[in-house]
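This report refers to the structure that appears directly beneath it.
The values are calculated or read from the model by the stated rules, or taken from the named source; none is laboratory data. No experiment lies behind these values; they were computed from the predicted model shown. Methodologically, a virtual Cβ is constructed for each residue, glycine included, from the backbone with ideal geometry; neighbour enumeration extends over all protein chains shown. To get the accessible areas, we keep the full protein, side chains included, count just its heavy atoms, and leave off ligands, DNA and RNA. Shrake-Rupley method; radii C 1.70, N 1.55, O 1.52, S 1.80 Å.
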Amino acid sequence: MKRKMTPGSLSHFIRRHVTTAVLRAGLFALCCLPITGCSSFLVAMESNAIDDDPGERTFYQQLADESIETKAVVNLHAEDDRFDEAHLVIQSYNGYVLVAGQVPDEELRQITNDVVREIRDVRRIYNELEVAAPSSTMTRASDTWIASKVKTFLLADSSTPGRRVKVVAEDGVVYLLGMVTKEEAERIAAEAADVSGVQRVVRLFEYINE
């Protein structure tokens with residue numbers, strides 16, 4: 001049986017459907033906003049072109065470097081049990097990979113190159129491994145302190161791009177990775193060499209144009 005619509009129920013029916021239509025229109029407008037509105041907003045806010053900094057790693061490159069470091073350690077230990085007796089220091093910056101530390105024999109140095117080379121996003125390998133007994137706990141603590149001091153001085157010096165430099169210390173030798181100009185590399189290396197405890201500075205930079 002068809003229900004009779006009173007004036008009150010008719011008014012309620014109209015209000016309900018008008019409200020629904022308004023909500024749908026609002027949601028549709030919000031969905032469209034990221035496509036058209038955001039681009040217009042950015043254009044209005046930024047009239048000049050946004051230039052890429054050639055010395056800065058992208059977010060993807062930072063993740064790739066972390067992945068390289070993890071995979072290198074895991075894959076090396078999985079490749080040969082003798083790496084369990086080694087001391088490995090592996091750092092990557094924009095695909096430039098440093099492998100330092102000590103291994104039991106020369107064969108493991110070559111195996112290191114073969115394993116790391118197979119990892120995705122690796123662009124260059126610096127194999128600084130020594131055939132020697134693993135460094136002592138005291139030596140490693142000293143290396144950590146040296147690397148921390150060098151990094152602190154680079155960040156404090158306005159003439160050196162400290163944020164774009166990765167500092168690694170191993171047995172008193174400081175390795176410098178990063179994307180810098182040749183002029184910046186000179187200043188960075190000189191600053192690092194002046195830090196007490198540093199025996200030698202090795203530049204492993206990727207050079208960029210100014």
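State which residue pairs qualify: first residue without any contact (Cβ under 8 Å) to a residue 12 or more places away in the chain and inside the stretch 77-102, second residue part of a helix (DSSP H, G or I) and surrounded by 19 or more Cβ atoms within 10 Å (Cβ to Cβ) in any location, beta carbons under 7 Å apart, and separation of 6 or more residues or different chains.
H77/F83
Condition test on V74, is it touching a strand residue (DSSP E or B) at 6+ places or on another chain (Cβ under 7 Å) and among the β-branched types (V, I, T)? Can you show your working first?
Working: touching a strand residue (DSSP E or B) at 6+ places or on another chain (Cβ under 7 Å): no; among the β-branched types (V, I, T): yes.
So V74 does not fit the description; no.
From V180, V202, V167, grab the single residue that is in contact (Cβ under 8 Å) with a residue 60 or more places away in the chain, among the hydrophobic types (A, V, I, L, M, F, W, C) and either within 24 Å of T58 (Cα to Cα) or surrounded by fewer than 17 Cβ atoms within 10 Å (Cβ to Cβ) (or both).
On the way: V202 fails: either within 24 Å of T58 (Cα to Cα) or surrounded by fewer than 17 Cβ atoms within 10 Å (Cβ to Cβ) (or both); V167 fails: in contact (Cβ under 8 Å) with a residue 60 or more places away in the chain.
The unique qualifying residue is V180.
Would you pick out the residues in the stretch 177-207 that are touching an Asp or Glu at 6+ places or on another chain (Cβ under 6 Å) and either modelled with pLDDT under 95 or among the hydrophobic types (A, V, I, L, M, F, W, C) (or both)?
M179
Give T139, T160, T144 a once-over and let me know the one that is over 22 Å from T70 (Cα atoms), open to solvent by 30 Å² or more (accessible area, probe 1.4 Å) and not in a strand (DSSP E or B).
T139
Within the stretch 105-133, track down each residue that is farther than 22 Å from K71 by Cβ and in contact with a helix residue (DSSP H, G or I) (Cβ under 8 Å, 6 or more places away or on another chain).
Going residue by residue through the stretch 105-133, those that are farther than 22 Å from K71 by Cβ are 105-106, 130-133.
D105, V131 - these are the residues of the stretch 105-133 that are farther than 22 Å from K71 by Cβ and in contact with a helix residue (DSSP H, G or I) (Cβ under 8 Å, 6 or more places away or on another chain).
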